[in-house]
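Read the structure below first, then the notes.
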Amino acid sequence: MTPLPTIAVVCAVIKENNSYFIAQRSARMKMPLKWEFPGGKVEQGESNAHAIIREMREEFDIDIEVVEEHPYYLHDYPTFTLKLIPVEAAIKGGEIILKEHAAYKWVTASDLFSYDFSEGDIKIVKALNKRDRAL
């Protein structure tokens, strides 16, 4: 059996006032209307930090500062393996403008479970909930 191709994707974990920034995928995107920690593919030769800064500018018109890169999660979808790299970040400028997504919200860690996340993001939801409960 041929191994599935692996796609490296960064996602922004942004927390302000005890709430996390999440976004709902648009109806025309893959995994339509699922919620996610937004981000995108890491391009050839691009660092994870540069990729998430670029993606957040392209998708939401905001400037972010990378605080910390966390260990990645692997999730197998039917046609590829997702290597999801959470990057803790802070918004440094701009006003959130939805360019690709249907909606966004600020949600507490315990309320994250109320949203229909893409399968790859569920491990991050669980990790954030565990971390916030420990604080």
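The values are calculated or read from the model by the stated rules, or taken from the named source; none is laboratory data. Source: prediction; values computed, not measured. Cβ coordinates were reconstructed from backbone atoms using ideal geometry, including for glycine residues, and neighbour counts include every protein chain displayed. The accessibility values were calculated without ligands, DNA or RNA, using every heavy atom of the protein model including side chains. Shrake-Rupley method; radii C 1.70, N 1.55, O 1.52, S 1.80 Å.
Couple of notes before you dig in:
- Taking packing as the residue-averaged number of other Cβ atoms within 10 angstrom, the listed peptides 122-129, 80-87, 98-105 run from highest to lowest as 80-87, 122-129, 98-105.
- Accessible heavy-atom area order of 29, 56, highest first, probe of 1.4 Å: 29, 56
- Gain on full extension, evaluated as 0.36 nm per residue between residue 98 and residue 122 minus their Cα-Cα distance, stands at 6.4 nm.
- Positive minus negative residues near residue 129 (Lys, Arg vs Asp, Glu; Cβ under 12 Å): +3
- For the chain, the solvent-accessible area works out to 57 Å² per residue, with a probe of 1.4 Å and every protein chain left in place.
- Among 93, 114, 124 - extreme Cα towards positive end, dipole of the chain, charges at beta-carbon: 114
- To put it simply, the accessible area of the stretch 1-82 at a 1.4 Å probe is 53 percent carbon and sulfur.
- Percent of Cα pairs in the stretch 1-124 per distance bin of 10 Å, from zero to the largest separation: 13, 46, 35, 5, 1.
- Rough spin-label spacing in nm, given labels placed 7 Å along Cα→Cβ, for residue 4 and residue 43: 2.6 nm
- DSSP bridge orientation in the stretch 1-125 - percent antiparallel, rounded to nearest 5: 70 percent
- Dipole magnitude for the chain: about 380 debye, using +1 per Lys or Arg Cβ and -1 per Asp or Glu Cβ, origin at the Cα centre.
- Dipole moment magnitude, nearest 20 debye, the stretch 31-94 about Cα centre, only Lys, Arg, Asp, Glu C-beta charged: 160 debye
- Of the listed residues 20, 77, 115, 72, the order by accessible area with a 1.4 Å probe, largest first, is 72, 115, 77, 20.
- Over the C-alpha trace of the stretch 58-129, radius of gyration and Dmax come out as 13.7, 38 angstrom.
- Taking all Cα pairs closer than 8 Å and separated by 6 or more residues, the relative contact order of the chain comes to 32 percent.
- Sum of -39500 (n - 2.57) over DSSP H runs of 4+, divided by residues of the chain (222 nm, nearest 500): -6000 deg cm²/dmol
- Restricting the stretch 1-32 to trypsin sites (Lys or Arg not before Pro) that sit in a DSSP loop and have at most 16 other Cβ atoms within 10 Å of their own Cβ leaves 28, 30.
- When the Gaussian network model of the chain links Cα atoms closer than 10 Å, the mean-square fluctuations of 61, 111, 121 top out at 111.
- Dipole of the stretch 1-84 [Lys/Arg +1, Asp/Glu -1 at C-beta], most positive-end residue of 78, 33, 52: 78
- Sequence-separation-based contact order of the stretch 69-135, relative, with Cα cut under 8 Å and 6+ spacing, percent: 29 percent
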